[in-house]
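For reference, the structure is listed below as structure tokens.
The values are calculated or read from the model by the stated rules, or taken from the named source; none is laboratory data. Remember, predicted model here, so these are calculated numbers, not experimental data. As a convention, Cβ positions derive from the backbone with ideal geometry for all residues, glycine included, and neighbour counts pool all protein chains shown. For the accessible areas, the whole protein counts, side chains as well, though only heavy atoms, and no ligand, DNA or RNA atoms are used. Shrake-Rupley method; radii C 1.70, N 1.55, O 1.52, S 1.80 Å.
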Amino acid sequence: WRFLLPITAASKILIVGYECGHIQQYFMKLGFSDVYYCTDKPPQVTNSSNNKTQQNIIAYSDLEMRSELFSFFDAVLYPHGFFKAELSSSEAESYSYIKKFVRSGGILFIGFTNGFFLKKDKFYYSYLWKIKKALKKSGYTLTGAYGATPDQFSPEYVFPLTPQAISFIIRHRYVYKVSSILLRLLASPFAARLLMYLFPAYFVTATADAM
């Protein structure tokens, strides 16, 4: 999913989520200089030589205290969706809150599990239609929606939700599992419009409209 983002090494990135510190490290190893990680727990103070990393870890509850970060980020990433610290707010309210840290035209990226199949406290789940509605209400313009299988953590396939892409995925994943007649039906454009809401996970990208 990292290749879905229109970013460069000069982009300022905020990663929000539980157990996403390794993603911050990934971007920093690629040469990104401004990569912040916002978590639900205060950062641990260590004697690590990488002071830059330590300084760029922020507790979610302290984020608003960093006024220098308002309209600062080119991209805000929720690779695993929301975490428990945010669940007291609606999705639309959370998007509105985080928008103050995104520059106009900046990117918001969200990964989430499909609530039709998984409803466990450990994972954030939602629905594609619900995410789209919340983004529009919060002042974002949807720029991309992608299905992911088998999950958003280690996806084998990440694909745009178009009839052609869905047909390709269905044919390749189920070619040896269902009959040829059923496979043709599932890979039809009509079936694609129904199946787009039934994949196990999704990634969504949106741009922040001007305030």
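Figure legend. Inter-residue proximity from segment 93-113: first residues on the phi > 0 side of the Ramachandran plot, second residues not basic (Lys, Arg), beta-carbon distance below 6 Å, spacing 6+ or different chains. Indicated pairs: 105/207.
Within segment 1-23, the residues that satisfy the criterion of being within 13 Å of the chain's Cα centre (by Cα) and either part of a loop (DSSP other than H, G, I, E, B) or among the acidic types (Asp, Glu) (or both) are 1, 5, 17, 18, 20.
Okay, residues lined up against (1) within 14 Å of the chain's Cα centre (by Cα); (2) open to solvent by less than 40 Å² (accessible area, probe 1.4 Å); (3) modelled with pLDDT under 90; (4) more than 24 Å from residue 101 (Cβ to Cβ):
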| position | (1), (2), (3), (4) |
| --- | --- |
| 119 | no, no, yes, yes |
| 122 | no, no, yes, yes |
| 132 | yes, no, no, no |
| 135 | yes, yes, no, no |
| 148 | yes, yes, no, yes |
| 152 | yes, yes, yes, no |
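Examine segment 154-167 for a residue that is modelled with pLDDT under 80 and open to solvent by 50 Å² or more (accessible area, probe 1.4 Å), and state whether such a residue exists.
No: zero hits.
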